Structures are given as structure tokens and as C-alpha cells.
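Student: What follows is a single structure, and I will ask about it in a moment.
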Amino acid sequence: MSPAHIRSESVQQALDALDRGVEPDRPVLRDAVRALLTELSRRAPGRSVEVRVPPFGAIQCVAGPTHTRGTPANVVETDPVTWVLVATERVTWADALSDGRLRASGIRTDLSEYMPLYPVESAE
């Protein structure tokens, strides 16, 4: 089984659990979060925005000015379940932002143009 397939499988398993109204098992949720962060970094390469999904991962993405120390100027942070829901467009970026499930500070932090991240598009 290819690594991309395994990652897609974890996202689907997480979505299936959420559809049943239960939180995904921790390893499934962790792998789904990391797969979706990896896909975001592939679609939006760069280092101007830091996306944090504690405790499972953080990436830098989006082209533009980079930071080298201290708190980055552009930060997005959310919990793992919200990240899976937003990255798959089960919840819109705007809704998650307006109800406080997603926090974004900085002028480059609207990542809605990159959503949905799943299903993963082939890298050709």
C-alpha cells in the first residue's frame, strides 16, 4: 500500500468516525491531521504562514515573506477535529473562524482557497 493511500485512508477513517458522532481513535486522528497538513504544504509551498494543530503537527506554508525567530506574523491554530472538518470542507473556513474553533492572525491566513484538501489531488 502506498504512503499516499495510507494517508487518505486515515482521513476517510476519521471522517467515518465523525459521521457516526464519535471522536476518531487518537492514532487515526493524528495520521489524518498530518496527512492534511502535508497536503496543504504541497498545495501552498512557502514559509509565510504557520498552521498549528496541537498536539499533532505544525507546518509553514504559503509563499511570501518568512520569519526567522519569535512568533510568526501569520498564524492559524485549531484543534485536530476542527482541522479535519475544515480541511475536508465539512465545515467552512469562515464558519470555523466566526465561531472561534479556528484562530487566524495575520494578513495571509485565509487559507480557504486551498480547501478542500481531501480527496488528495494527484501530483502530476
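The values are calculated or read from the model by the stated rules, or taken from the named source; none is laboratory data. Since we're looking at a predicted model, the values are computed, not measured. A quick note on method: Cβ atoms are made from the backbone with ideal geometry, for glycine too, and the neighbour counts reach across all protein chains shown. Note: accessible area is taken over every heavy atom of the protein model, side chains too, but ligands, DNA and RNA are not part of it. Shrake-Rupley method; radii C 1.70, N 1.55, O 1.52, S 1.80 Å.
Student: Residue check: is residue 20 free of Cβ contacts under 8 Å to residues at least 60 places away in the same chain, surrounded by fewer than 17 Cβ atoms within 10 Å (Cβ to Cβ) and among the charged types (D, E, K, R)?
Tutor: For residue 20, the condition - free of Cβ contacts under 8 Å to residues at least 60 places away in the same chain, surrounded by fewer than 17 Cβ atoms within 10 Å (Cβ to Cβ) and among the charged types (D, E, K, R) - is met.
Student: Residues of the range 28-73 being open to solvent by 70 Å² or more (accessible area, probe 1.4 Å) and within 21 Å of residue 17 (Cα to Cα), which ones?
Tutor: 30, 34, 55
Student: Ok, one more. Which residues, counting only those in the range 77-94, are touching a Lys or Arg at 6+ places or on another chain (Cβ under 7 Å) and open to solvent by less than 20 Å² (accessible area, probe 1.4 Å)?
Tutor: Within the range 77-94, 78, 82 meet the criteria.
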